[in-house]
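Heads up: the structure comes next, in structure tokens.
Where a number appears in this text, it was derived from the coordinates with a stated rule and is not lab data. Bear in mind the structure is a predicted one, so any value in this text is a computation, not a measurement. Here Cβ is always computed from backbone atoms with ideal geometry, including for glycine, and neighbour counts include all displayed protein chains.
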Amino acid sequence: MKPTNNPFENALQQLQKAENKITDNREQKAEIQKKILLLEQPQRIINITIPVEMDNGGTRIFQGYRVQYNNFLGPYKGGIRFHPHVSLDEVKALSFWMAMKCAVADLPLGGGKGGIIVDPKILSEGELERLSRGYVRAIADCIGPDKDVPAPDVNTNGVIMGWMVDEFIKRQMTMSVGQKTINNKQKIFLSSTFTGKLIKDGGSEGREEATGLGGLYVLQALLAKQKTENRKQKAEKMTVAIMGFGNVGYNIAKFLHEQGFQVVAVSDSKGGVYVSDGMNPELTLDCKKKTGILAGCYCSGSVCSVKSGKKITNEELLELPVDIIIPSALENVITKENAKKIKAKIILEMANGPTTPEADEILFKRGITVIPDILSNSGGVTVSAFEWEQNRKGEHWSKEDVNKKLKKKMEAAVDVIYTISKKLKTDLRTAAFVVALERILKIQKR
């Protein structure tokens, strides 16, 4: 379903709310407002058309975007999504959130995002490759290790990044006057233009599960903070419902299950399943692969069944009587209409923009903790930044080292945001935006 709320308008509302919290000093506020004007629109919008030769011999024109929102902290950084509902407002919002996310994680990167209006499922592999390469040719002069560093997003992956890297390097060879070859060291450096690559193409260990693992680290760090205020249940007793069972949703489910949380519900675009006694996410995914459906499919222990478990809708999942709900699929799924019906104590946002500003207000008043997307799903871009760094240095870190560095980053981000939220008596999202704005715009006083 195509979102009905404008994601970029939501993003600007979040920005304004944080702006109002930064300082009460009239002179400082006027100066801050001037600086924040720089963040109300992207620095550059690239609108492209991509001609692709189809397998039937005809040519089809696809429309694409690359939005470079802000590079005050470093090169633009952000994924490329292939989806029929890609829109300029969506890409603008996502690039804005990426700028905030990189600042929250304290990364030397700015915010960007890209997309092509296409349903990749109806393309052959050859057509998909030609589309991917055409996109890179169209933006090649605007990206690079020190300019803009794209990555996978919805319906893109490491294989597609490999095609894009190859095309980008070919393009650099044709653009370099008098140079027809590039040595291996130069290739490795140029490959840092894209992250989320396969390991064989220079990708980082741990990247595939980084978003989910980062979400676990953030949740654990927040629960540890809440424990000091005597508001934490034991992890093994906390129940979880997860909306979205793709890469991110599955990985966060798996990590939570391993840590003793009880995953009682999961869903995908077609519906979901609720099992009050809990389920095994890994076996449930295997069951889905075998049956082709998730609704009604669950695994308890080593036993899988498509007859047991209660079938539920995505809307019903958000209103289950659980401790934690995790929206990890679409934008704008928690709204003013359903925010009053949510029973969970914590919402861990693993999707981008799942909660509208109106819902945020309702949830905060109800005492429900919303861990914002720019914090909770920043593990992916953090490990992408690690990949970018490894390629630039010609290094390859072990998975253990990557995960240690990721955990340290996530815990540091939670620490500063939680402290600011208490000081300003505001929600975690607004506190995260305040931290991001101070870092991007170098605002020193609150």
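Details
- ³J(HN,Hα), Karplus 6.51/-1.76/1.60, whole Hz, each residue of region 120-125, x for Gly, Pro: x, 5, 9, 9, 6, 4
- Amide H contacts of LYS77 (H built 1.01 Å from N, in plane; Pro and chain starts excluded): GLY110, GLY111, GLY112, VAL149 sit under 5 Å, all sequence-distant by 5 or more or on other chains.
- Gyration tensor verdict on region 100-140 (Cα atoms; rounded if a/c is under 1.5, prolate if a/b is larger than b/c, oblate otherwise): prolate
- This ranking places ASP373, ASP323, ASP146 by how few other beta-carbon atoms lie within 10 Å of each, fewest first, which gives ASP146, ASP323, ASP373.
- Per-residue Cβ neighbour rank within 10 angstrom, fewest leading, ILE122, ILE22: ILE122, ILE22
- Summing Lys and Arg as +1 and Asp and Glu as -1 over all other residues whose Cβ lies under 10 Å from the Cβ of ARG429 gives a net charge of -3.
- Taking Cβ atoms as reference points and 11 Å as the exclusive limit, the residues near ASP148 contribute a net charge of +3, counting Lys and Arg as +1 and Asp and Glu as -1.
- Region 1-109: C-alpha gyration tensor shape, a/c 1.5 cut-off, then a/b vs b/c: prolate
- Theoretical gain in end-to-end length, LYS200 to SER398 [0.36 nm per residue, Cα-Cα removed]: 69.9 nm
- Label-zone membership for region 74-105, site LYS270, 7 angstrom Cα→C-beta point, backbone N under 20 Å: 84
- Prolate/oblate/rounded label for the chain (Cα gyration tensor, a/c 1.5): oblate
- Distance between region 314-383 and region 14-82 - C-alpha centres, whole angstrom: 23
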